[in-house]
Amino acid sequence: MARYFSYIFLCFLIIGCKSSEERALKRNNPPSWVKSTPVNIDYYVGVYSIQKTSSDYREKAKRGALENLASEISVNISAESVLKTLETGGDFNQEYEQNIRIKSSEEIEGYELVGVWEDENEYWVCYRLSKIKYAQIKKDRIEKALTLGKDFFRRSKENHDKNNYHDAFILSIKSLESVSKYLDQPLKTVIDGKEVCFATEVMSYTQEMVSEITIIPSKTEYDVLLGDYLKEEDVYFLVKNSDGVFLSQIPLKCQYKAVFFKNYNIQSDEFGRAGVSLGKIKQSKKEQYVIANLDFEELTENQTKDKIVLKLLNYIPMKTGKIKINVTPPKIFIESNEKEFGKRKKPSLTLTAKQVLISRGFQVVSSKSEADLIMLISSDTKFIGSTRGAHQVELTGTIDVNKKSNGEIVFSEVIQSTRGLQLSKLKASLDAYSKADSYVKRRIIPKLINQYFTF
């Protein structure tokens, strides 16, 4: 019986505790900032609520409240800022504002907790930041950023004076990166006794350095044959400044424009020379180009990951060097050495090769003196036996292509052995040549053409 009364007492105790807890929650009335985010002329305020469904809901609520607080801080682009000076436009400015808000929420400081509130399902957080305090923090940060940026800029100018454009560019980029969070501000400071808007000054100086650079092609035009090789020794650019000093370590982005495009990243050597190896010219477009531009992306690689700075540099007009390549297909002379049982015969494989070559853009000439390439087609048939009145003949042969200028073999292929079976030797030989003709047409000549053509 005593055990029974103990059980009844415990049940009443649990029910009573639960009722007390429910009454406590009812008494836990939400503060005014839960109902609506307060507007205060002296403070930025951030409020955030989250469902209590995960173990880290408190941290998420704090992060959300700070993000909302940061969104209250407006980004006003000054008329004297570099963004206005360059007339970067709406899309760039919008991206900049969004980027700054994200960084502000990550780096915000000086805020204070107004309070937290929770019920069974939700958790609320409210933070605020004094506008006066924020203005002072921002001012201190700008001064610190300017001090760092001015040091980079001073070193950039020193390297420029020594014709070390590579390091001068990198240091200019670093000076911009130092103040990238404040590009919406004038960033007024004193340099060499003169008040300037810092980011605008750096951009102007960088643009001036770019304007001093010239990219001179090795030749403005090349006349080449399809299948020729163009190496670094043939296709290159010289990089120098307006004083005629050749500049080293200047990265160039080259684009080879033919039917298909291909990009090359090259850099000037100690003699200011930057070569590009195109290899074998296999694209048949008559007019092709190699275009070189100063490669700011390469200059900034491993120096900055700041997308705003990289996009800002795109507003600097780039210097360009261009080489035109005039491509013509090689002229081919076909020399026939076709035989039948060891004796010369009327060419048949030669006619097939000629037709296919012409159809694919090659020029077949009738005089060896006009040719760039000499094609020699050698073939012969031999009798190998008879079976029940049918004669069997085998054909063997080769196709070789040489450069007329130096005799270099550029193509060599064996004609697949073929056999003819007919009631006479001549008809069997004709049958073997017919099969070889198909092999030359479908396999060998296309293989030669593919060696010269990409398209």
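The values are calculated or read from the model by the stated rules, or taken from the named source; none is laboratory data. Nothing here was measured: the structure is a model prediction, and the numbers come from that model. Please note: Cβ atoms are built from the backbone with ideal geometry, for glycine as well, and neighbour counts cover all protein chains shown.
One line per residue, one yes/no per condition, for (1) assigned to a loop (DSSP other than H, G, I, E, B); (2) in contact with a His (Cβ under 9 Å, 6 or more places away or on another chain); (3) outside the structural domain of Ile50 (by TED's automatic domain parsing):
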{"position": "Tyr123", "(1), (2), (3)": "no, no, no"}
{"position": "Tyr127", "(1), (2), (3)": "no, no, no"}
{"position": "Glu143", "(1), (2), (3)": "no, no, yes"}
{"position": "Thr147", "(1), (2), (3)": "no, no, yes"}
{"position": "Lys157", "(1), (2), (3)": "no, no, yes"}
{"position": "Asn163", "(1), (2), (3)": "yes, no, yes"}
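Table: residues versus (1) under 30 Å from Asp228 (Cα atoms); (2) without any contact (Cβ under 8 Å) to a residue 60 or more places away in the chain; (3) crowded, with 16+ Cβ neighbours inside 10 Å.
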site: Phe362; (1), (2), (3): yes, no, yes
site: Gly385; (1), (2), (3): no, yes, no
site: His391; (1), (2), (3): no, yes, yes
site: Asn406; (1), (2), (3): yes, yes, no
site: Val414; (1), (2), (3): yes, yes, no
site: Ser417; (1), (2), (3): no, yes, no
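Scanning the stretch 223-255 for residues that are modelled with pLDDT of 95 or more, of a type in the set (Phe, Trp, Tyr) and either within 26 Å of Lys282 (Cα to Cα) or under 24 Å from the mean Cα position of the chain (by Cα) (or both) yields Tyr236, Phe237.
Residues in the stretch 179-221 that are in contact with an Asp or Glu (Cβ under 7 Å, 6 or more places away or on another chain), part of a strand (DSSP E or B) and of a type outside the set (Val, Ile, Thr): Lys188, Cys197.
One residue alone among Lys354, Lys435 is more than 29 Å from Leu225 (Cα to Cα) and of a type outside the set (A, V, I, L, M), and that residue is Lys435. When the strands (runs of 3 or more DSSP E) confined to the stretch 274-354 are screened for residues that are among the basic types (Lys, Arg), those reaching at least 1 such residues are found at 320-328, 331-340. If the condition is being of a type in the set (S, T, N, Q) and at pLDDT 90 or above, then the stretch 354-385 contributes Gln355, Ser366, Ser367, Ser369, Ser378, Ser379, Thr381.
Counted as qualifying within the stretch 359-415 are the strands (runs of 3 or more DSSP E) with 1 or more residues that are among the hydroxyl-bearing types (Ser, Thr, Tyr) and not assigned by TED's automatic domain parsing to the domain that holds Leu225, namely 373-387, 390-403.
Once the stretch 126-160 is narrowed to residues that are touching a residue at least 60 places away in the same chain (Cβ under 8 Å), over 18 Å from Asn76 (Cα atoms) and not basic (Lys, Arg), the residue that is surrounded by the fewest Cβ atoms within 10 Å (Cβ to Cβ) is Ser130.
Taken over the stretch 165-194, the criterion of being surrounded by fewer than 19 Cβ atoms within 10 Å (Cβ to Cβ) and among the basic types (Lys, Arg) is satisfied by Lys188, Lys194.
Residue by residue, here is whether (1) of a type in the set (Gly, Ala, Ser); (2) in contact (Cβ under 8 Å) with a residue 12 or more places away in the chain; (3) crowded, with 16+ Cβ neighbours inside 10 Å holds:
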position	(1), (2), (3)
Asn29	no, no, no
Ser32	yes, no, no
Asn40	no, yes, no
Gly46	yes, yes, yes
Ile50	no, yes, yes
Asp56	no, no, no
Ala61	yes, yes, yes
Ala65	yes, yes, yes
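All conditions but one from (1) over 30 Å from Lys240 (Cβ atoms); (2) surrounded by 15 or more Cβ atoms within 10 Å (Cβ to Cβ) apply to Lys305; the one that does not is (2).
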